[in-house]
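Notes for the one structure printed next.
The values are calculated or read from the model by the stated rules, or taken from the named source; none is laboratory data. The shown structure was predicted, so the numbers you read here are calculated from the model rather than taken from an experiment. Every residue, glycine as well, gets a Cβ built from its backbone with ideal geometry; the counts of neighbours run over all protein chains shown.
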Amino acid sequence: MPTLDNCKICREKYNCLILKEQLAFYNRLGISQIDDSIETGSLTSIRHLWQDSTRTKKYDPSWNYAEDNTRAYTHSIHPYPAMMIPQVAGRLIDMYAKPKAVVLDPFCGSGSVLLEAFIKGYNSYGIDINPLSLLISKVKTTPLNYKLLQNELENILRKTSLIRKTESPDFYNIDFWFKPDVISKLATLKRAVSLITDERIRDFFRVVFSFTVRVSSNTRNGEFKLYRIDEEKLIDFNPPVIEIFKERAEKNISGMADLWKQFKNNKTRVNILNEDTRHRTTINDGAVDIVVTSPPYGDSKTTVAYGQFSRLSLQWLGFDNEDLDTDNRSLGGKLDTNNLHLGYSSPNLRHATDLISRIDKKRARDVMAFYVDLNKCFAELNRVVKKGGFLCMVVGNRTVKGIQLPTDEIVADFGKHVGFRHIETIIRKIPNKRMPSKNSPTNKAGELGSTMTEEYIVLMEKVK
Ligand SMILES: C[S@@+](CC[C@H](N)C(=O)[O-])C[C@H]1O[C@@H](n2cnc3c(N)ncnc32)[C@H](O)[C@@H]1O
């Protein structure tokens, strides 16, 4: 009987194809829950971890915050897919942060965790590969004098009414996504914003501009992916571009006024890094005390496409092609065949992908591509988190081909592999307003998949 820690032929634990074949065979039989760390001399010691997880999990309604205000300060200056609610981010930081703790969000998105760390007085790092995410995070966490912003808004509106002719950007399909009148108004707004000399104030209005681009484009409401409004509806779609900009600017200034009044003298640092968490980052070894994060749910093709969500804004803001390619650079953008073994380190993942592969091998490979990449991030987290530090990961257990991927178990497996002890997993309900009511499992418009109604907060401690 083959065992996990040796192969009779080559004695290689992870690289032995024969051993892998045998494991795959057990998987197909449904006997797949093998814990690598256990001496497995015979079939009798094979553990069925997935069905009967021994990890502590509890549903705790006090984490739902269904009725709470999630828009305080600058938290809602710009929509972003799958935002973490401030209450969850703040509570996780409070649970584990000691004085002078350093917080990291390695998938910072719109910066919810970073703003919570900032207002609680903890220095932080945020990493993301999406330039729009970095811009929103920066503006969100930079208190600005709201009176200067109000003056600047008046300037912008005055200039916009004066600018007669301005050059429109020339990106692929611009006429498909924007009506001619919208293009001309956006171009004048863009020009007026670009004339602002103070970089921080200019960035503040670039975020407002990005919001305006989104709302005045011919894209359907409530979709993260780029789907065009139906032809008949488009005829009557005439968004008031300047009013949208003005209204959003006023809302954002009001949020910023609260942040400014309370935190203008706050010396807490927020370091926002345009880096890739799969690789070695510029953060020093052991520099981080607590990680609070929500990684992507899956690959960009079949789950949330952050790149598609951001593309029109980034094109209008003048980013170049490489910056627009976020979806291919995101976790699971490409199957890294050299590192397939990283998926193998989770028994739960082996089991789930094996089940999916029986229905659809390509989807099973996509799933594997995502988790192989996610596992690479664990190596980096292990490097930057100090011993005794904490890792709090908020994940969703999405369903692929009818099979639920136990991501909460998979990340705990990955964590265990690099030296994080699982503390407990808290289950919370996702308030409807933060997620699209339906998501599309494929790239086809109108094709709907089931929605996740709960998420898992997996808590781990670095012990090695
Ligand atoms: C679920 S979102 C985070 C949302 C965030 N918690 C918030 O409140 O806005 C996941 C983020 O991971 C980013 N991402 C994907 N692959 C990445 C990588 N390899 N390195 C760093 N960030 C990545 C995406 O661009 C996206 O912004």
ask   = Which of the residues spanning the range 174-194 are under 21 Å from Pro131 (Cα atoms) and free of Cβ contacts under 8 Å to residues at least 60 places away in the same chain?
value = Ala187, Leu189, Arg191, Val193, Ser194
query = Quick one: which of Asp289, Asp285 is buried (at least 21 other Cβ atoms within 10 Å of the Cβ), more than 15 Å from the ligand (Cβ to nearest atom), touching a residue at least 12 places away in the same chain (Cβ under 8 Å) and acidic (Asp, Glu)?
reply = Asp289
ask   = Could you say whether any residue in the range 359-366 is surrounded by fewer than 23 Cβ atoms within 10 Å (Cβ to Cβ), farther than 30 Å from His78 by Cβ, touching a Lys or Arg at 6+ places or on another chain (Cβ under 8 Å) and not aliphatic (A, V, I, L, M)?
value = yes
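If you take the residues in the range 77-91 that are out of contact with any strand residue (DSSP E or B) (no Cβ under 7 Å at 6 or more places or on another chain) and outside any loop (DSSP other than H, G, I, E, B), which one is farthest from the ligand (Cβ to nearest atom)?
Ranking the candidates gives Arg91 first.
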query = When both residues are 6+ apart or on different chains and their Cβ atoms are under 6 Å apart, which pairs have a first residue that lies in the range 96-109 and is within 13 Å of the ligand (Cβ to nearest atom), and a second that is among the charged types (D, E, K, R)?
reply = Cys108/Asp128
task = Only helices (runs of 4 or more DSSP H) wholly contained in the range 92-189 count here; list those with 1 or more residues that are of a type in the set (Lys, Arg) and not assigned by TED's automatic domain parsing to the domain that holds Arg383.
result = 131-140, 146-162
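Just the residues that are assigned to a loop (DSSP other than H, G, I, E, B) and of a type in the set (Ser, Thr, Tyr), please, taken from the range 274-327.
Within the range 274-327, Thr277, Thr281, Thr282, Ser294, Tyr297, Ser300, Thr302, Thr303 meet the criteria.
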key: Of all residues in the range 318-342 being at negative phi and more than 16 Å from the ligand (Cβ to nearest atom), the one that is modelled with the highest pLDDT   = Asp320
request  = Confirm whether Lys165 is charged (D, E, K, R), modelled with pLDDT under 95 and either on the phi < 0 side of the Ramachandran plot or within 12 Å of the ligand (Cβ to nearest atom) (or both).
outcome  = yes
note = With the first residue restricted to the range 332-355 and required to be without any contact (Cβ under 8 Å) to a residue 60 or more places away in the chain, and the second required to be among the acidic types (Asp, Glu), Cβ contacts under 6 Å at 6 or more apart or on different chains are Gly332/Asp299; Gly332/Asp373
message = Suppose we filter Ile229, Ile196, Ile201, Ile253 for residues that are among the β-branched types (Val, Ile, Thr) and touching a Leu at 6+ places or on another chain (Cβ under 6 Å); which single one remains?
response = Ile253
ask   = Is it the case that the range 138-154 has a residue that's under 27 Å from Asn397 (Cα atoms), touching a Lys or Arg at 6+ places or on another chain (Cβ under 8 Å), more than 16 Å from the ligand (Cβ to nearest atom) and of a type outside the set (D, E, K, R)?
value = no
